[in-house]
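**Student:** Just dropping this structure here.
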Amino acid sequence: MTDPDPAPADHKQWVAGVFDRAARTYDRVGEPYHDHYGRRLVEVLDPRPTDALLDVGCGRGAVLVPAAPRVHRLVGVDASPGMVTAAREELDRAGAGPVDLRVMDAESLEFEDASFDAVTCAFTLFFLPRPERAADEFARVLRPGGRLIVSTWGDDDPRWTFADDLLAALPVARRPVRRPFDRPEDVRALLAAAGLADPTSRREDHEIRFADADQWWAWHWSFSRRGVLEQLDAAAVDELRMVSIAAIPDPLRAAGLPMRLSAWFTSAGAPDR
């Protein structure tokens, strides 16, 4: 069906392009925190060997790689062809068995009803223009007794607020994040509205460090923030880089440039049918 409003489709196409261009360095500049959170998500889910698992917004395979040896059937989908290619490379490098990878819209999953025992969606909801549709799709493809886990970012490290303020002030037309979902109650409400059972949230903190200020700046280009920077001309990017690096507080430099990441894992059961 053709969407009567082209704006959501345009946003999704743009975000997919940003991640295509970021795929080569995604979670590979500095410490790989998506790999960390992917392992933790699979540990919390604790899938059964007989499960069929769908990972929506699979990225480079942070969930797929640790899930591969633990489930009977594994499917990963992402709107970015570049990310799907990167996921295949990571799975091959890890020696994973057969994994079905597809380019697909999270708001329109191309699977039959009740196809999966588990659905995961890591750090993707906030990019979607219509997350309610995605939540409905998660509920639709889950089998009775199935389980869902989504991960979203929590509050930012206050030591790095200066950088967020500089980026927020940029006069750009597009922002990748549509709704932040940084409050777990908002995620629970979204899942409950889709009929998913008993949503519950748990916080997962993790600290990373940057080798130096140059690595921290390069990190900006390795994920969705790239989409903001690409809207600036070269002179504006150079100026922002200089201002941003100069603004790093001395105590943060002395501590070795640590950044505390905070995530929420929200779990729910399949709807009663």
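The values are calculated or read from the model by the stated rules, or taken from the named source; none is laboratory data. A quick note: this is a predicted structure, and the numbers were derived from the prediction, not measured. Cβ placement follows ideal geometry from the backbone for every residue including glycine, while neighbour counts extend to all protein chains displayed.
**Student:** Just for region 229-246: of the residues that are surrounded by 13 or more Cβ atoms within 10 Å (Cβ to Cβ) and of a type in the set (Gly, Ala, Ser), which one is nearest to Leu167 (Cα to Cα)?
**Tutor:** Of region 229-246, the ones surrounded by 13 or more Cβ atoms within 10 Å (Cβ to Cβ) are 229-232, 236-237, 240-241, 244-245.
After this cut, where a residue has to be of a type in the set (Gly, Ala, Ser) as well, the list is 236, 244.
On the way: Ala236: 12, Ser244: 9 Å.
Per the stated criteria, the residue is Ser244.
**Student:** Right, here's the next one. Restricting the search to region 74-103, which residues are out of contact with any Gly (no Cβ under 9 Å at 6 or more places or on another chain), part of a loop (DSSP other than H, G, I, E, B) and either buried (at least 20 other Cβ atoms within 10 Å of the Cβ) or at positive phi (or both)?
**Tutor:** Gly95
**Student:** Mind checking which residues of region 169-184 are within 19 Å of the chain's Cα centre (by Cα) and either touching a residue at least 12 places away in the same chain (Cβ under 8 Å) or part of a strand (DSSP E or B) (or both)?
**Tutor:** Those that are within 19 Å of the chain's Cα centre (by Cα) and either touching a residue at least 12 places away in the same chain (Cβ under 8 Å) or part of a strand (DSSP E or B) (or both): Arg174, Arg175, Pro176, Val177, Arg178, Arg179, Pro180, Phe181, Asp182, Pro184.
**Student:** Would you please list the contacts, defined by Cβ atoms under 6 Å and residues six or more apart or on different chains, that run from a residue in region 81-96 that is free of Cβ contacts under 8 Å to residues at least 40 places away in the same chain to a residue that is among the charged types (D, E, K, R)?
**Tutor:** The qualifying pairs are Val84/Asp78; Ala87/Arg60; Glu90/Arg60.
**Student:** Between Arg273, Arg226, Arg209, Arg202, which is surrounded by fewer than 17 Cβ atoms within 10 Å (Cβ to Cβ), out of contact with any Leu (no Cβ under 8 Å at 6 or more places or on another chain) and modelled with pLDDT of 95 or more? So that I can check it myself, show each step before the final result.
**Tutor:** Values: Arg273 fails: modelled with pLDDT of 95 or more; Arg226 fails: surrounded by fewer than 17 Cβ atoms within 10 Å (Cβ to Cβ); Arg209 fails: out of contact with any Leu (no Cβ under 8 Å at 6 or more places or on another chain).
On inspection, the qualifying residue turns out to be Arg202.
**Student:** Hey, another quick one. If I filter region 136-156 down to residues being in contact with an Asp or Glu (Cβ under 9 Å, 6 or more places away or on another chain) and either in a loop (DSSP other than H, G, I, E, B) or of a type in the set (Gly, Ala, Ser) (or both), which single residue comes out as nearest to Ala218 (Cα to Cα)? Walk me through how you get there before you give the answer.
**Tutor:** If we filter region 136-156 for residues that are in contact with an Asp or Glu (Cβ under 9 Å, 6 or more places away or on another chain), which is where we start, we get 136-137, 140-147, 151-156.
Within this subset, residues satisfying the condition of being either in a loop (DSSP other than H, G, I, E, B) or of a type in the set (Gly, Ala, Ser) (or both) are 145-146, 151, 154-156.
Numbers: Gly145: 43, Gly146: 40, Ser151: 25, Gly154: 23, Asp155: 22, Asp156: 19 Å.
Of everything passing the filter in region 136-156, Asp156 is nearest to Ala218 (Cα to Cα).
**Student:** Right, another one. Would you confirm whether or not region 105-112 contains a residue that is farther than 11 Å from Val56 by Cα, at pLDDT 95 or above, part of a strand (DSSP E or B) and not β-branched (Val, Ile, Thr)?
**Tutor:** Scanning region 105-112, I find no residue that is farther than 11 Å from Val56 by Cα, at pLDDT 95 or above, part of a strand (DSSP E or B) and not β-branched (Val, Ile, Thr), so the answer is no.
**Student:** For region 220-234, check the following and say yes or no: at least one residue is among the hydroxyl-bearing types (Ser, Thr, Tyr) and assigned to a helix (DSSP H, G or I). Walk me through it before giving the result.
**Tutor:** Going through region 220-234, the residues among the hydroxyl-bearing types (Ser, Thr, Tyr) turn out to be 222, 224.
With the extra rule that they be assigned to a helix (DSSP H, G or I), the set shrinks to 222.
Checked region 220-234: at least one residue is among the hydroxyl-bearing types (Ser, Thr, Tyr) and assigned to a helix (DSSP H, G or I).
**Student:** Would a scan of region 188-210 turn up a residue that is out of contact with any His (no Cβ under 9 Å at 6 or more places or on another chain), under 25 Å from Val18 (Cα atoms) and in a loop (DSSP other than H, G, I, E, B)?
**Tutor:** Yes, region 188-210 has at least one match.
**Student:** What tally of residues in region 185-199 results from selecting those that are under 15 Å from Val119 (Cα atoms) and over 18 Å from the mean Cα position of the chain (by Cα)?
**Tutor:** 5
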